[in-house]
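Trainee: If you scroll down you'll find the structure; I have some questions about it.
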Amino acid sequence: MEKISIAEATRRVIWTRPSMIDALKQGVINYKALAENIYDEVKMLLGKKEPELISLDSIQTALIRYADDLRKERELLEERISKVLAKTVLELKNDLVVLTITEEALLKCRDDVFNIVRSARFFHLIQGNSTFTIIADQSLEAKMLALFSAKNLVQSIKDQSGLILISPEEIVEVPGVVSYLHGLLANKNINVTQSISCYKDTILIVNRVEALDAYALVENQILLFRKMLGGRER
């Protein structure tokens with residue numbers, strides 16, 4: 001069995017419980033109670049049969065130190081994410097449709113598809129493992145569906161809207177921006193139908209009935225970050 005320290009075993013156990021990681025980052029957890037909660041798992045990872053060789057105090061100390069590291073990482077990452085979003089421009093496009101087609105069917109008539117969407121105001125094509133997903137103007141839906149038989153249409157989702165975020169180039173190097181946006185919407189129970197990243201652009205497709213709420217939520221957060229960063233620079 002691999003020999004690891006109590007601190008390393010503690011970290012590995014914590015990483016199996018995302019909710020605990022969040023609590024440690026926020027500093028809102030009872031370290032003693034958490035040490036007692038994960039004691040058996042830490043002992044199992046260490047492979048030590050004698051409980052007296054592993055003290056709760058040592059696990060608690062490992063948790064406190066790890067929490068300090070997590071908070072520093074969180075603060076740095078949150079600052080980088082806030083700077084990216086503060087420089088982001090937000091747009092909204094309505095009346096979109098999401099069509100998922102079998103790979104074979106789309107490849108057979110790809111030229112026809114591109115001819116139809118040549119003048120479309122919005123079009124994205126995403127390749128999956130055995131399917132293609134088309135996100136386009138809803139006005140083009142009938143023409144595109146006419147190209148495929150019913151058995152080749154995997155899914156059709158109408159009345160969608162796109163939140164389009166145009167960010168500075170730093171977004172390519174800053175982890176967690178898209179995850180932050182998904183979490184922001186998920187906390188308000190807003191489902192993201194499709195998510196697309198293309199260089200500096202991030203496109204989040206949501207149901208049209210939730211589009212205005214989603215737009216307001218993201219816009220308010222962008223404006224808040226701008227205000228916060230503006231205050232720091234004075």
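Every read-out reported here was derived from the displayed coordinates using simple, explicitly stated rules and does not represent laboratory data. Keep in mind the model is a prediction, meaning the values are calculated, not measured. Every residue, glycine as well, gets a Cβ built from its backbone with ideal geometry; the counts of neighbours run over all protein chains shown.
Trainee: Rounded to two decimals, what is the ratio between the C-alpha radius of gyration of region 6-76 and 2.2 N^0.38 Å?
Mentor: For region 6-76, the normalised Cα radius of gyration is 1.06.
Trainee: Kirkwood hydrodynamic radius of the chain from all distinct Cα pairs, in Å?
Mentor: 21.3 Å
Trainee: Rounded to the nearest Å, what's the spacing between the alpha carbon centres of region 192-232 and region 111-131? Just the number, please.
Mentor: Using only Cα atoms, the two centres lie 25 Å from each other.
Trainee: What is the spin-label model distance, in nm, from residue 213 to residue 201 if the labels are put 7 Å beyond Cα along the C-beta direction?
Mentor: 2.7 nm
Trainee: Here's a follow-up. Run the numbers on region 16-115 and let me know its relative contact order in percent, using alpha-carbon pairs under 8 Å that are six or more apart.
Mentor: 29 percent
Trainee: DSSP H helices in the chain with Cα extent of 24 Å or more along the helix axis and mean Kyte-Doolittle hydropathy at least -0.5?
Mentor: 56-86, 208-233
Trainee: Limiting things to C-alpha atoms, what are the Rg and the maximum Cα-Cα separation (Dmax) for region 154-198, in angstroms?
Mentor: Considering region 154-198 through its Cα atoms, Rg and Dmax are 12.5, 36 Å.
Trainee: Okay, helix-only estimate at 222 nm for the chain: each DSSP H run of n ≥ 4 adds -39500 (n - 2.57), divide by all residues, round to 500 deg cm²/dmol; what do you get?
Mentor: So the calculated ellipticity at 222 nm is -16000 deg cm²/dmol.
Trainee: Scan around residue 131 for amide H atoms under 5 Å from its own, H built in the peptide plane at 1.01 Å from N, and keep only partners 5 or more places away or cross-chain.
Mentor: Correct list: 103.
Trainee: Let me ask another. Which of rounded, prolate, oblate describes region 27-161, given a ≥ b ≥ c as roots of the alpha-carbon gyration tensor eigenvalues and a/c under 1.5 marking rounded, otherwise prolate only if a/b is larger than b/c?
Mentor: The shape class here is prolate.
Trainee: Residue 122's amide H: which non-local residues (gap 5+, or another chain) put their own amide H closer than 5 Å, with H modeled 1.01 Å from N in plane and none for Pro or chain starts?
Mentor: It is 137, by chain and number.
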